[in-house]
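Notes for the one structure printed next.
The values are calculated or read from the model by the stated rules, or taken from the named source; none is laboratory data. Quantities reported herein were computed from a predicted structural model and do not represent experimental measurements. With ideal geometry, Cβ positions are generated from the backbone for all residues, glycine too; neighbour counts draw on all protein chains shown.
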Amino acid sequence: MKRPLLIGVMLAVLQTASLTAATVYTRASGNWTSTSVWSYTDGGASCGCTPTGADVVYIRHVVNLNKHLTNGSGTLGAVTGSLNILPGGILSGSFFYDMDVRSGGSLYVCGWLLIRNLSFYNGSSVNVCASGNLLVNGSFNNRNNSDNVRIDGSMTILGSYTNGNGGIISGSGTIVVFFGPVSNPGDTYGCVNTNPCSSFPCSIQSPCGGTLAVSWVGFTAVPDGDSVQLAWTTASEEGSVRFVVQRSLDGV
């Protein structure tokens, strides 16, 4: 009778250990799913492992995120542990991958984070320090009552910006929203407003259809079957390294 009991105790211990989050560090640049990138010690040898969103992760190198940090089949799991992008570190989702920071999870950015869609859930903790840069290619959503978010660095959003009812975003950084609408029933930098084109009283900036800081030389339009090929030349782009020209589907 004692032997089965001992086996049962051993199985319980193993199961508990498997649920404990690991602490991992980058040791080299590469893909998130490459085992040679990660170590159990800072500056140590390869652990032969890859982290999930439930682990405590420290990034000092350039890491290519090649799976979603969300819940679902084939993903790395949403961030429920601690994801720390340290100064000089870069986590790039190549604008194809999404990230959810769920309740109990934390995101700390003092390097660069490039991601497609980004969501902060109620009970999550987010801090973008003064040297941190967060670039969202799609939509950003700080969900209702998610109030532990601080942006002291730079946050750039190419899609929509949503700070839900009861959501609080504090800090002294800069948030720039380019193409998407801004919905801010919550509190961003001490203000509540949904129309940044009408003197939005925060450090949220939006071009709002304004004139590009571009000096045009000229452009050409050439018929190509059922479409038109456009080409243009500029003399300078002031205060930027590139710009995007989009086609309107409704003529507006």
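In the set Leu86, Leu114, only one residue is touching a Cys at 6+ places or on another chain (Cβ under 7 Å) and in contact (Cβ under 8 Å) with a residue 24 or more places away in the chain; that residue is Leu86. Filtered by the rule that a residue be touching a Phe, Trp or Tyr at 6+ places or on another chain (Cβ under 9 Å) and more than 17 Å from Thr35 (Cβ to Cβ), the range 63-74 gives His68, Leu69, Thr70. Restricting attention to the range 77-102, the residues that are part of a loop (DSSP other than H, G, I, E, B), surrounded by fewer than 23 Cβ atoms within 10 Å (Cβ to Cβ) and hydrophobic (A, V, I, L, M, F, W, C) add up to 3. All conditions in (1) in contact (Cβ under 8 Å) with a residue 60 or more places away in the chain; (2) in contact with a helix residue (DSSP H, G or I) (Cβ under 9 Å, 6 or more places away or on another chain) hold for Ala21, with the sole exception of (2). Has the range 148-163 got any residue that is among the aromatic types (Phe, Trp, Tyr) and buried (at least 22 other Cβ atoms within 10 Å of the Cβ)? Taking every residue of the range 148-163 in turn, at least one turns out to be among the aromatic types (Phe, Trp, Tyr) and buried (at least 22 other Cβ atoms within 10 Å of the Cβ). Which one is surrounded by the most Cβ atoms within 10 Å (Cβ to Cβ), of the residues in the range 165-195 that are on the phi < 0 side of the Ramachandran plot, hydroxyl-bearing (Ser, Thr, Tyr) and at pLDDT 80 or above? Once the filter is applied, the top-ranked residue is Thr188.
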